[in-house]
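Just below is one structure, and these are the notes that go with it.
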Amino acid sequence: MNVVDRNFATRTGEILADNPVGAASYARLQSQGTNVVFVNDPEMASMGTFDPNANEVTVNMALHSSPDEAASTIVHEATHQNGFFNGIPQNTQYTEYQAFRNESLFQNGVRPTLDERMNIWNDVQQLYPDLPQGKYPFGGQQ
């Protein structure tokens, strides 16, 4: 990793440590022995991934414009990691919703309002139309 990416990654860690949601997310990664790897790969399509087979979170620095954004991606991927270790199948619109909802909590310091959560759900359905829905986050059936 080059010096810019190394400094970016270091600042990302500081941001996580200074935020209660970020610190809890990173602590969950550590408690499960999950490696966090920073790469700079313009060919990689996503900002981050959780690979349950390798027990590894990868953060693609090429797609992040700030350490805050990279920290938010770690919170997102830690949500997937936590769900996986709790036996919740990942790769559904619902689990993406949970991850984006946690990013909102991390970024804003408060739980998203019902309207904000509905917007997150609608955004997830637009971003991931090919994923199965999984649970509906607002009770009942959609």
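None of the figures in this text is laboratory data; all of them are computed from the coordinates on show. Note that the structure is predicted; figures quoted are calculated from it, not measured. Positions of Cβ are generated from backbone atoms using ideal geometry, with glycine treated the same way; all protein chains shown enter the neighbour counts.
Give the residue list of GluC sites (Glu not before Pro) in region 1-78 that are DSSP loop and have at most 14 other beta-carbon atoms within 10 angstrom.
Loop-located and lightly packed - Glu43.
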Let me spell out the model: positive unit charges on the Cβ of Lys and Arg, negative unit charges on the Cβ of Asp and Glu, origin at the Cα centre of region 3-127. What dipole size does that give, in debye rounded to 20? 340 debye
Can you give the helix-only mean residue ellipticity at 222 nm for the chain, where every DSSP H stretch with n ≥ 4 adds -39500 (n - 2.57) and the sum goes over all residues, rounded to the nearest 500 deg cm²/dmol? -17500 deg cm²/dmol
Name the residue, out of Met47, Met118, Met61, whose mean-square fluctuation peaks in a Gaussian network model built on the chain with Cα pairs under 10 Å. Met118
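For the chain, what mean projected area does the convex hull of the alpha carbons give, in nm²?
Numbers: hull surface 35.4 nm².
The orientation-averaged projected area of the Cα hull of the chain comes to 8.8 nm².
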At what distance in angstrom do the alpha carbon centres of region 99-142 and region 1-75 lie from each other? 21 Å
